[in-house]
Amino acid sequence: MKRIAILASGNGSNAVRILQHFYTSESVKVVGVFSNKMNARVLEKFIDRDHAAYFFESNEELLEQLQAEEADYVVLAGYLKLIPLEVLSVYKNAIINIHPALLPKYGGAGMYGVNVHKAVKASGESETGVTIHLVNEVYDGGRVLFQAATAITENDSAKDIARKVQALEHEHYPLIIEKLINDEF
Ligand code: GAR
């Protein structure tokens with residue numbers, strides 16, 4: 001059984017999709033969600049579903065929690081901080097992130113959530129999308145595993161763009177996590 005830990009600090013829609021995807025899996029178990037934000041909605045969502053929800057205040061505490069849960073993979077789902085070296089060195093090629101744009105465009109520090117969609121809109125792009133990548137010490141810098149695009153029109157607001165991108169995220173992220181665990185990359 002492979003054990004995955006989800007790191008999240010926001011609303012948790014991807015985290016819940018991932019939880020649902022692996023619910024009946026006999027080879028993958030979601031051990032819980034881990035957040036650096038005490039009031040993150042994702043923590044409530046996991047508690048409501050009778051799943052473990054951890055709050056951590058330091059990198060050391062996070063690593064202790066991951067190791068206590070014997071996590072094999074770390075999945076970032078709306079987690080905005082850089083992953084510390086002590087965690088990266090334990091989880092080599094086993095940390096995956098989703099970014100709501102077609103990297104390398106609209107990546108880097110400060111580019112998260114609605115900020116990304118506003119920047120895409122301001123640039124008048126005709127498409128955007130989602131990037132799923134391995135995590136290294138550079139923000140949004142690890143090897144890209146998957147990208148999918150969606151068309152946007154002049155009339156789309158940043159909110160419309162967010163909705164289109166989230167639909168792609170929910171469709172693909174659980175499947176790409178599964179492929180990573182099955183060594184298919
Ligand atoms: C997702 O759109 C994810 O791509 C983004 O945060 C959102 C979390 O939504 N992540 C980043 O911007 C990372 N740079 P959710 O909490 O509903 O899953």
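The values are calculated or read from the model by the stated rules, or taken from the named source; none is laboratory data. Computed from a prediction, not measured in an experiment: that's the story for all the values here. Counting neighbours? That spans all protein chains shown, and the Cβs are built from the backbone with ideal geometry, glycine included. Side chains included, ligands, DNA and RNA excluded: accessible areas come from the protein's heavy atoms. Shrake-Rupley method; radii C 1.70, N 1.55, O 1.52, S 1.80 Å.
For T153 and K105, compute 0.36 nm times the residue count separating them, minus their Cα-Cα distance, and round to one decimal in nm.
The span from T153 to K105 would gain 15.5 nm if fully extended.
Cβ-Cβ distance of A52 and Q20, R₀ of 25 Å, FRET efficiency by 1/(1 + (r/R0)^6): the value works out to about 0.95. A simple spin-label model places the labels of N39 and Q67 3.3 nm from each other, with each point 7 Å out along Cα-to-Cβ.
Work out the length of the dipole vector of the chain about its Cα centre, built from +1 on the beta-carbon of each Lys and Arg and -1 on the beta-carbon of each Asp and Glu, and round it to the nearest 20 debye. Can you show the working numbers first?
Values: 18 positive and 24 negative charges, 91 e Å.
About 440 debye.
Of the residues G12, G124, G113, the one that moves most in a GNM of the chain with alpha-carbon contacts below 10 Å is G124. Legend: helices of the chain (whole DSSP H runs) are marked when their alpha-carbon atoms reach 24 angstrom or more along the helix axis and their mean Kyte-Doolittle hydropathy is at least -0.5; marked are 158-181.
Taking every protein chain into account, the accessible area of the chain amounts to 50 square angstrom per residue (probe 1.4 Å).
Could you tell me the calculated FRET efficiency between V90 and V114, based on Cβ-Cβ distance and R0 = 25 angstrom, to the nearest 0.05? Once rounded, the FRET efficiency stands at 0.20. Computed from backbone phi with θ = phi - 60° and the Karplus coefficients 6.51, -1.76 and 1.60, the 3J(HN,Hα) list for region 147-155 is 9, 9, 10, 9, 6, 10, 10, 4, 7 Hz; x is used for glycine and proline.
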